[in-house]
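Chemist: The following block contains the structure, expressed as structure tokens.
The values are calculated or read from the model by the stated rules, or taken from the named source; none is laboratory data. Since we're looking at a predicted model, the values are computed, not measured. Neighbour counts are summed over all protein chains in view; Cβ atoms, including those assigned to glycine, are modelled from backbone coordinates with ideal geometry. These area figures cover heavy atoms from the full protein model, side chains too; ligands, DNA and RNA do not enter into them. Shrake-Rupley method; radii C 1.70, N 1.55, O 1.52, S 1.80 Å.
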2 protein chains.
Amino acid sequence: MSDSFVERLEQRIAAGAAPACVGIDPRPDRLPVDLPGADAAERILAFVEAVVPRIAAHVPAVKPNIAFFEALGWQGYRAWEATCRIARDAGLLVVGDVKRGDIGSTAEAYAEAHYRHCDALTVSPYLGGDSLRPFLDRCRDEGRGLFVLVRTSNPGADTIQSLALPGGETVAERVARAVDRWGEETSSTGGFSHVGAVVGATRPAELARLRGLMPRAVLLIPGVGAQGGRIEDCAAAFDGRGLGGLVNQSRGILQCFEPDASDWRERVGEAARTFAADLRRVVAANVQGGTVSP
Amino acid sequence: MSDSFVERLEQRIAAGAAPACVGIDPRPDRLPVDLPGADAAERILAFVEAVVPRIAAHVPAVKPNIAFFEALGWQGYRAWEATCRIARDAGLLVVGDVKRGDIGSTAEAYAEAHYRHCDALTVSPYLGGDSLRPFLDRCRDEGRGLFVLVRTSNPGADTIQSLALPGGETVAERVARAVDRWGEETSSTGGFSHVGAVVGATRPAELARLRGLMPRAVLLIPGVGAQGGRIEDCAAAFDGRGLGGLVNQSRGILQCFEPDASDWRERVGEAARTFAADLRRVVAANVQGGTVSP
């Protein structure tokens, strides 16, 4: 088996990359006005082709969110597949933000559909462990990556995730323990499991507690920037080697300009560079602070 | 506003239809071998065109599952859109089994993407109430239908759904209460909310308890047939008028034949007819049993 998703991420970080991920959430009304293309799907692809090299110069991974592509129908879905391909061809790791979750043969169909284009995927845990089996199998057998939704950054996340169980543990904490268990089958050279978790940046204290409950999980951390999370709030995800987290920023990078700006290419590159530099600084401070590796 | 999804369902049932739904889960290896088509997506479409009139003759609704279409890439996604269109053109109500769940503008993109082709959708509740807002808005403003995953029919569903909260209520029961609350904004002429719930047929006692916690929700009930649930197990969903449930069968209808059978069209029609007749009998027995309407 060639190197797994988690190992390739570890290698990039060991070679100096920031543990940074750029979210690709293309809203047609937020695209530059000067893009070519007959329809929104073509314009998105032109945008992706323009920005991917500038992203790849500074960060190791992207997280395209499939919802924005599905909103454009099958032409959008075709652009989704092309987006993943363009990013991979540029050497980026692709985390498909699909948040799928279904059972039995349906889960198998989703895993087949989305690992074709992506190195890692996000999934929803509400249907339980067996619904994740086709994804876990591909983590174990093919070195794919998986990020299970544990604690999200939205205000309403409390409806289910914050429910307190007898003993005081929350549902999110119980899911974190399950993620730790689901990841037992796999291990990277760096000691991390191939089964990670999505944990929002907007709740730093919880991030630290959840890190403790799943010490071998890579934490994919959205919510930095537009949603109010700060890069500093992600520090608890990282161990003494600077491994263990992958911090995502979306709107702050690919919507950092007004649609009529003429210098949007340069501004995207500069935003990606700044994001990576800021994150590298936070991780380095953490390493000097002496956090223990798992 | 024209009649809502729930009202159109009520009208069909009042006119004598069974509260039945046929799941469209097309696996290429389970399609008839004598179908035309250059690839799997074309063969699925030929299958859908052949079976939809035979389904529409006996049941009011279909539930295509998008995973099986996504597994075939963008050509599959195009076939998904065509499948929804063919079913609607034949007068069927289309419940898109997409189980989406995301936050903010992403949830908005999913709602936009899938209500374009479907009358009702399934969604996952793990991200909480605000993640459902774009769907709830369209239920209220456009008469769309929504089915929130509450209790699923798979063995591993217990991981989260059966967790007991202080006081003894389970997570699934707490979600059921939330569904009841989310549905307060809407009401059909029959008294049902536009916000329903997915509750598996494999746990009849739970079905009855969940019905009590969300008396105005239409319950979409999968798990009959291949997954081990019996039509009789669904009785608690229905009120004295035969309203309140929509029972789904998938493999038992569209995979009721061997791929090399020559009479698959007739067998699908016969399976749909039998399913509807069996369900009508169970609901009628329930009405005679005097169950009170919500």
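Chemist: So which residues in the range A:126-137 are under 23 Å from A:P19 (Cβ atoms) and either among the charged types (D, E, K, R) or at the interface with chain B (Cβ under 10 Å from one of its Cβ atoms) (or both), if there are any at all?
Modeler: Within the range A:126-137, no residue meets the criteria.
Chemist: Ok, one more. Can you pull out the strands (runs of 3 or more DSSP E) entirely within the range A:56-137 that have at least 2 residues that are free of Cβ contacts under 8 Å to residues at least 40 places away in the same chain and open to solvent by less than 10 Å² (accessible area, probe 1.4 Å)?
Modeler: Here the list reads A:93-100, A:120-123.
Chemist: In addition: When B:A178 is evaluated against the numbered criteria (1) crowded, with 24+ Cβ neighbours inside 10 Å; (2) closer than 30 Å to A:W182 by Cα, which criterion, by number, is the only one it fails?
Modeler: (1)
Chemist: Here is a further query. Got a number for residues in the range B:84-116 being within 12 Å of another protein chain (Cβ to nearest Cβ), more than 15 Å from the chain's Cα centre (by Cα) and of a type outside the set (G, A, S)?
Modeler: Residues that pass the stated criteria total 8.
Chemist: Specify the residue that is nearest to the other protein chains (Cβ to nearest Cβ); the eligible residues are those in the range B:138-153 that are closer than 16 Å to B:N65 by Cβ and not in a strand (DSSP E or B).
Modeler: The residue in question is B:T152.
Chemist: Looking at (1) more than 11 Å from every other protein chain (Cβ to nearest Cβ); (2) crowded, with 22+ Cβ neighbours inside 10 Å; (3) not basic (K, R), find the lone condition where B:A172 falls short.
Modeler: (1)
Chemist: Does the range B:1-46 hold any residues that are part of a helix (DSSP H, G or I) and more than 30 Å from B:R241 (Cα to Cα), and which are they?
Modeler: If the condition is that a residue be part of a helix (DSSP H, G or I) and more than 30 Å from B:R241 (Cα to Cα), then B:P28, B:D29, B:R30, B:A40, B:A41, B:E42, B:R43, B:I44, B:L45, B:A46 are the ones that fit.
Chemist: Within the range A:175-194, can you find the residues that are within 14 Å of chain B (Cβ to nearest Cβ) and β-branched (V, I, T)?
Modeler: A:V175, A:V179, listed by residue number.
Chemist: Another question, if that's okay. Of A:R203, A:R265, which residue is at pLDDT below 95, more than 18 Å from A:A20 (Cα to Cα) and surrounded by 15 or more Cβ atoms within 10 Å (Cβ to Cβ)?
Modeler: The conditions single out A:R203.
Chemist: Now for a separate question. Restricting to the range A:187-231, give me the number of residues that are in contact with a strand residue (DSSP E or B) (Cβ under 7 Å, 6 or more places away or on another chain) and within 17 Å of A:L243 (Cβ to Cβ).
Modeler: 15
Chemist: Another question, if that's okay. Please go through the range A:206-226 and pick out each residue that is within 23 Å of B:S162 (Cβ to Cβ) and surrounded by fewer than 24 Cβ atoms within 10 Å (Cβ to Cβ).
Modeler: The one that is within 23 Å of B:S162 (Cβ to Cβ) and surrounded by fewer than 24 Cβ atoms within 10 Å (Cβ to Cβ): A:L213.
Chemist: What do you reckon, is B:G252 in a strand (DSSP E or B), of a type outside the set (A, V, I, L, M, F, W, C) and touching a helix residue (DSSP H, G or I) at 6+ places or on another chain (Cβ under 9 Å)?
Modeler: So B:G252 does not fit the description; no.
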